[in-house]
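Here the structure is laid out as structure tokens; the discussion comes afterwards.
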Amino acid sequence: MSLSIPVSPFQGDAELPAHADVVVIGGGIIGINTALTLAERGVSVAVVEKGVIGGEQSARNWGWTRQMGRDPAEIPLTMASLRLWSQMNERTGEETGWRRTGITYLCYNKRDMDIWGGWYEKGKAYGLNSEMLTGPQTEALLPGSSGGLIGGLHTPSDGRAEPALATVAMANAARRAGAHIMTQCAARGVERSAGKISAVVTERGRITCSSVVLAGGIWSRLFAGNMGIDFPQLKVMGTVARVTGIEGISDMPVGAGDFAYRKRLDGDYSVALRNANIANIVPDSFRLFAEYMPSFIQTWREIKLRVGKPFVDELVMPRRWQLDEKTAFEAIRTLDPLPTKSFNRKALANLARAYPAFAKARVVNEWAGMMDVTPDAVPVISNVPSTPGFFIASGFSGHGFGIGPGAGHLMADIVMGGDTLVDPAPFHISRLRPKLAIAA
């Protein structure tokens, strides 16, 4: 299958291992970093990926590695993750595209200043080196503006990386450290003995194990549901374009109320219409309506609801299956949704008004990706006490690429049961599903 985005090639292992201490389900940036950290510690680990490594949202995001603007619950993890990003080229021995460029959010009105000024105070409480800039300071930092800026929130320690390169570089490093990594190999479910995890069943056979990490992105709810675990997660689609022909614009990723851009390693730019995502109405939208309503009320300006084919597709998709049956994971190896091209056109028009250099931009490629979103937009990185040996790292709500290295490190810490990179309590599944926190 030809994808709408280029992803670095990765050849999965030919043979399925008979046993691993830990099986990670999902070869995105979260699962791969979990496997990399475990393998570096000498733990026997296997990754099973239904499609290609980093083929879904891990390669479709903006490529920002930011600390600012996060939920306060995530700030310690994002700060730890940036430290890991800064070492990632050396750690993997490969180019991930990471550069410490800083990131700036632009303020054109009082509402912007109130939002980012309020967040600045939150970041300052954690020791983050963000700065609130005046209009002239922002224009000096980001030359080429057409004016109108009254301020900006700038974090010099933030950076950027290349989504098409990074996860595969990490997977190569994990393999060199001893991890088994299978591609085109869907996990169908788990087996249990005496109530504890004992194996993962894949389309190519079974792997005995004592621990399983579900890092399946948008597929985590479906997989967990077949185990009888109601994991609350919905899908939200974002659209991005790669454009060329731009000169005189900063290397720094920049966001405003209605546009965002990042310079790429190849010299082009990735652009997007900020605060414009699509949520397809599907059967789970009704099942989880009450849980998501408070968040929707706060963010309704940023979400466009849409009714269409995905409702029917998910309505007829089996939600329960036997482990010897083919699954949706085998039918859809890599979800490659169609982009909303009108969003990209609007983003470029907004950019051209703010930074005239973008008036010359030519679109090279456009794509979309699906984000796994929890009701409070904070991920779950947790054991599931009701199912001993089962762990979930999912629901990253569009933040997964930036905090991927830290999230994988934290998940590995939790699996191993030792000291953790940061306090894991804010990410425990009990905040969303108290019943799952009761040990079997």
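The antiparallel fraction among DSSP beta bridges confined to the chain stands at about 70%.
A simple spin-label model places pseudo-atoms 7 Å from Cα toward Cβ; at residue 11 and residue 251 they are separated by 3.4 nm. If you count Lys pairs in the chain whose Cα atoms are under 15 Å apart, skipping same-chain pairs closer than 8 places in sequence, the total is 6. Whole-Hz Karplus values for region 236-250 come out as 10, 9, x, 10, 9, 10, 9, 10, 10, x, 10, 10, x, 10, 4 Hz, taken residue by residue from phi with 6.51 cos²θ - 1.76 cosθ + 1.60 and θ = phi - 60°; glycine and proline positions read x.
With respect to the chain, whose longest principal axis is taken over its alpha-carbon atoms, helix 400-416 is tilted by about 30°. Build a GNM of the chain with springs between Cα atoms under 10 Å apart, and of 221, 262, 83 the one that fluctuates most is 83. Using a cutoff of 8 angstrom between alpha carbon atoms and counting only pairs six or more residues apart, the relative contact order for region 144-253 works out to 17 percent. With contributions of -39500 (n - 2.57) from each DSSP H run of at least four residues, the per-residue ellipticity at 222 nm computed over the chain stands at -9000 deg cm²/dmol. Classified by the C-alpha gyration tensor, region 103-156 has an oblate form. Its axis ratio a/c, with a ≥ b ≥ c, is 1.5 or above, and a/b does not exceed b/c. Label region 14-138 by shape, choosing from rounded, prolate and oblate, from the square roots a ≥ b ≥ c of the eigenvalues of the Cα gyration tensor; if a/c is under 1.5 it is rounded, and otherwise prolate applies when a/b is larger than b/c, oblate when it is not. Cα axes put region 14-138 in the prolate bin. Any chance you could give the angle, 0 to 90 degrees and rounded to 10, that helix 29-40 forms with the longest Cα principal axis of the chain? Value to nearest ten degrees: 60. In this structure the chain gives 39 Å² per residue of accessible area when probed at 1.4 Å with all protein chains present. Annotation: extensible slack from residue 230 through residue 435 equals 72.8 nm (criterion: 0.36 nm per residue apart, minus Cα-Cα distance). Of the solvent-accessible surface of the chain, computed with a 1.4 Å probe and all protein chains present, 54% belongs to carbon and sulfur. The C-alpha atoms of the chain define a longest principal axis, and helix 341-354 lies at about 30 degrees to it. Computed extension gain for residue 114 through residue 176, at 0.36 nm per residue and net of the alpha carbon distance, reaches 17.5 nm.
Remark: relative contact order (region 103-156) = 51 percent; criterion is Cα-Cα distance under 8 angstrom and separation of 6 or more residues. With K and R counted +1 and D and E -1, the other residues having a Cβ less than 14 Å from that of residue 244 yield a net charge of +2.
Across the chain, the relative contact order, built from alpha-carbon pairs under 8 Å that are at least six residues apart, equals 23 percent. Note that region 43-48 has calculated 3J(HN,Hα) couplings of 7, 6, 9, 10, 10, 10 Hz, one per residue in order, obtained from phi through the Karplus relation 6.51 cos²θ - 1.76 cosθ + 1.60 (θ = phi - 60°); glycine and proline are x. Close amide H pairs (under 5 Å, H built 1.01 Å from N) link residue 190 with 201, residues at least 5 positions away or on another chain. Computed with a 1.4 Å probe on the full set of protein chains, the accessible area for residue 209 sits at about 10 Å².
Sorting the segments 427-437, 151-161, 321-331 by their residues' average number of neighbouring beta-carbon atoms within 10 angstrom, most packed first, yields 151-161, 427-437, 321-331. Across region 105-119, rounded Karplus estimates of 3J(HN,Hα) from the backbone phi angles (6.51 cos²θ - 1.76 cosθ + 1.60, θ = phi - 60°) give 9, 8, 10, 10, 8, 5, 4, 4, 5, 5, 5, 7, x, x, 5 Hz, Gly and Pro being marked x.
Here residue 83 and residue 307 are evaluated by their C-beta separation; at R0 = 51 Å the FRET efficiency comes out at 0.70.
Sorting 273, 3 on solvent-accessible area from highest to lowest, probe radius 1.4 Å, gives 3, 273. Consider a paramagnetic label point 7 Å from the Cα of residue 41 along Cα→Cβ; state which residues of region 406-426 have an amide N under 15 Å from it. In region 406-426, the label zone of residue 41 (backbone N under 15 Å from the point 7 Å along Cα→Cβ) covers 406-424. Remark: the residue 18-residue 345 segment gains 112.7 nm on full extension, using 0.36 nm per residue and subtracting the alpha carbon distance.
The charge dipole of the chain, taken about its Cα centre with unit charges on the Cβ of Lys, Arg, Asp and Glu (plus for the first two, minus for the last two), comes to roughly 780 debye.
Rounded, prolate or oblate: pick one for region 125-175, where a ≥ b ≥ c are the square roots of the eigenvalues of its C-alpha gyration tensor, a/c under 1.5 means rounded, and failing that, prolate if a/b is larger than b/c, else oblate. Cα axes put region 125-175 in the oblate bin.
The values are calculated or read from the model by the stated rules, or taken from the named source; none is laboratory data. What you see is a predicted model; the values in this text were computed from it and never measured. Note that we place each Cβ from the backbone using ideal geometry, even for glycine, and neighbour counts take in every protein chain shown. Ligands, DNA and RNA are excluded from the accessible area calculation, which covers all protein heavy atoms including side chains. Shrake-Rupley method; radii C 1.70, N 1.55, O 1.52, S 1.80 Å.
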